[in-house]
Amino acid sequence: MREIILVGTRQNERVKSLIVNQIQFLPIQCDLSNITSLIFTSRYAILSLIDSVKENPSLQNWYKLPSYVIGAGSAKILKEHHANIALIGSDAHGASFAKEIIPLLQGQTPLYVRAKNIISQLDEQLLHAHIHLQQVIAYDNQPKTLDPSLKPKSNDILIFTSPSAYKSFVMNFGWEGNYIAIAIGMTTFNSFDNGIQAFVSPTQSIDGCIDFANDLVQKLP
């Protein structure tokens, strides 16, 4: 029987988890005096900002600024901290998110709180649309070197939570032709190599990916 494995940065009690990256929060040293809104595409960006408040009190009122966010998980963290959520992206794909927020950001000075390395090109799209975008690097997503014995079996279903998770997995284990890949969103899906068996989860959340994987297990031989 195919096993479902979540590949990313966090454990999940519902399925076996394979941690292929580690997150390093970076200090956010800017202030928000000229910032009118915040953009988040990752939960780790939010958590890093919250962590940075300890050393940089000028950030303490961040939650009052309108926040534009991708992902139900990230939005949940914002709600837990009573943040001012202006928009939760209807699509986890960076290009679609850009189209949603560009009309709303005209005349604003948003701060994109982001990872050191990004693939979505959201920043380029906003700058191209003449948004007065500011950016700060809040965290680094670093690949881990894993023991070969952790390599999943050749017919397992692998859920990838980010492009970096896929990249780190392949760096450690290569790719078996019978693997089934599930991407949490289109940005992750587009990072997959050509020719692999892959699906995009209909719901852009880890729980949604797991539910989708369980459905696939019942349908696949």
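Here residue 184 fulfils each of the conditions (1) β-branched (Val, Ile, Thr); (2) in the same structural domain as residue 112 (by TED's automatic domain parsing); (3) under 21 Å from the mean Cα position of the chain (by Cα) apart from (2).
Whether a residue is buried (at least 16 other Cβ atoms within 10 Å of the Cβ) and among the aliphatic types (A, V, I, L, M) was assessed, and residue 59 passes this test.
Among the residues making up the range 148-180, those that are under 20 Å from residue 211 (Cα atoms), buried (at least 22 other Cβ atoms within 10 Å of the Cβ) and among the hydrophobic types (A, V, I, L, M, F, W, C) are 157, 158, 159, 160, 165. Taking the criterion of being charged (D, E, K, R), in contact (Cβ under 8 Å) with a residue 12 or more places away in the chain and in a loop (DSSP other than H, G, I, E, B), the residues of the range 18-59 that qualify are 31, 55. Of the candidates 102, 85, 118, 77, the single residue that is closer than 22 Å to residue 36 by Cβ and either in a strand (DSSP E or B) or touching a strand residue (DSSP E or B) at 6+ places or on another chain (Cβ under 6 Å) (or both) is 85. Only one entry in 137, 210, 131 is among the β-branched types (Val, Ile, Thr) and outside the structural domain of residue 35 (by TED's automatic domain parsing), namely 210.
Here 119, 210, 184, 137 are screened, and the one residue that is buried (at least 22 other Cβ atoms within 10 Å of the Cβ) and within 21 Å of residue 70 (Cβ to Cβ) is 184. For the range 65-82: of the residues being closer than 18 Å to residue 112 by Cβ and modelled with pLDDT of 95 or more, which is surrounded by the most Cβ atoms within 10 Å (Cβ to Cβ)? Among them, the one singled out is 69. Considering only residues in the range 121-141 that are of a type in the set (A, V, I, L, M, F, W, C) and assigned to a strand (DSSP E or B), the one that is nearest to residue 51 (Cα to Cα) turns out to be 138. Here is the figure for the range 10-35: residues that are under 19 Å from residue 52 (Cβ atoms) and out of contact with any helix residue (DSSP H, G or I) (no Cβ under 7 Å at 6 or more places or on another chain) total 7. Of everything listed in (1) closer than 26 Å to residue 165 by Cα; (2) assigned by TED's automatic domain parsing to the domain that holds residue 99; (3) assigned to a loop (DSSP other than H, G, I, E, B), the single unmet condition for residue 14 is (2).
Would you call residue 52 surrounded by 19 or more Cβ atoms within 10 Å (Cβ to Cβ) and more than 19 Å from the chain's Cα centre (by Cα)? Yes.
The values are calculated or read from the model by the stated rules, or taken from the named source; none is laboratory data. Computed from a prediction, not measured in an experiment: that's the story for all the values here. Cβ coordinates were reconstructed from backbone atoms using ideal geometry, including for glycine residues, and neighbour counts include every protein chain displayed.
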